[in-house]
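These notes are about the structure you will find just below.
The values are calculated or read from the model by the stated rules, or taken from the named source; none is laboratory data. These figures come from a predicted structure and were not determined experimentally. Glycine also receives a Cβ, built like all others from the backbone with ideal geometry; neighbour counts cover every protein chain displayed. Please note that ligands, DNA and RNA were not included when accessible areas were found on the heavy atoms of the full protein model with its side chains. Shrake-Rupley method; radii C 1.70, N 1.55, O 1.52, S 1.80 Å.
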Amino acid sequence: TLRPPAALEVIRAMADVAGGIVGAGTVLTPEDVRAAKAAGARFAVSPGATDRLLDACEAEDLPLLPGAATATEAMRLLERGYRVQKFFPAETSGGAPALKAIGAPLPQILFCPTGGVTLANAPDYLSLPNTACVGGSWVAPKSMIQSQDWAGIEALAAQAAQLSPR
């Protein structure tokens, strides 16, 4: 999230990496949007979407991956032009079966499920035609970050990279 000032410093540092594209999450407020953009973020991610947040991203020309957990939320975002959305919290919102059901009447929306997605259940989501990608903290667990187990994180990232949609 953008709450610790160190998060903005990480975005600033990563924005300078050649060829890198840096996003910011979790953005919740217009202030978060402005701070993320100023730090060099090229896109933002949010667990949901309020009018104020959407307006701020649009005003700052900062692409947003907004969260939706229901068909109504997804339709509301689609009305504003958001054809790629975050399905959050995925597992507690019904998992892959719920996302499949939402996709039936809304095939024009692609989702990135997060929230309870693991290496074990990621293939269930990735098999759906309305899933573009998945996100999961299993790739970089807090304990591995704290212990600076970069080799372990690299191994988990390599496993995740082997996953592919459909």
(request) Could you size up the charge dipole of the stretch 76-166 around its Cα centre, putting +1 on the beta carbon of Lys and Arg and -1 on that of Asp and Glu, and report it in debye to the nearest 20? (result) 360
(message) From the phi angles alone, apply the Karplus equation (6.51, -1.76, 1.60; θ = phi - 60°) to the stretch 68-83 and give each ³J(HN,Hα) in whole Hz, x where the residue is Gly or Pro.
(response) 8, 10, 10, 4, 5, 4, 5, 5, 4, 5, 4, 4, 8, x, 8, 8
(message) Per residue, how large is the accessible surface of the chain? Use a 1.4 angstrom probe and give square angstrom.
(response) 54
(message) Residues of the stretch 24-51 with the amide nitrogen closer than 20 Å to a label point 7 Å from the Cα of Thr72, along Cα-to-Cβ, please.
(response) 47-51
(message) Show me, for the stretch 102-111, the HN-Hα J-couplings you get by feeding each phi into the Karplus relation (A = 6.51, B = -1.76, C = 1.60, θ = phi - 60°), rounded to Hz, glycine and proline as x.
(response) 5, x, 4, x, 10, x, 7, 9, 9, 10
(message) Expected output is a single nm value to one decimal: the length gained when fully extending between Arg34 and Leu119, i.e. 0.36 nm times separation in residues minus the C-alpha distance. What is it?
(response) 27.3 nm
(message) Could you tell me the ratio Rg/Rh of the chain? Both radii from Cα atoms, Rh via Kirkwood.
(response) 0.97
(request) Would you list the P(r) distribution for the stretch 11-66, with all Cα-Cα distances sorted into 5 Å bins from 0 and each bin expressed as a whole %? (result) 4, 24, 35, 20, 11, 4, 1
(request) Keeping the other protein chains in place, figure out the carbon and sulfur percent of the accessible area of the stretch 41-138, with a 1.4 Å probe. (result) 60
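Ordering Thr114, Thr50, Thr131, Thr92 by accessible area with a probe of 1.4 Å, largest first, what comes out?
Thr92, Thr50, Thr114, Thr131
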(message) P(r) for the stretch 80-166, please, calculated from all Cα pair distances in 5 Å bins and given in %.
(response) 3, 15, 25, 21, 15, 11, 6, 3, 1, 0
(request) Before anything else, pin down the relative contact order of the stretch 50-124: Cα pairs under 8 Å, at least 6 apart, normalised by residue count, whole percent. (result) 29
(request) Would you please give the residues with an amide H less than 5 Å from that of Val45, counting only those at least 5 places away or on a separate chain, with H modeled from the backbone geometry? (result) Ala24, Gly25, Val27, Leu65
(request) Would you mind telling me which residue in Ala132, Ala140, Ala24 has the biggest mean-square fluctuation in a Gaussian network model of the chain, where springs connect alpha carbons within a distance under 10 angstrom? (result) Ala140
(message) Please list, ordered by chain and number, the residues whose modelled amide H lies under 5 Å from the amide H of Thr131; skip anything fewer than 5 residues away on the same chain.
(response) Phe111
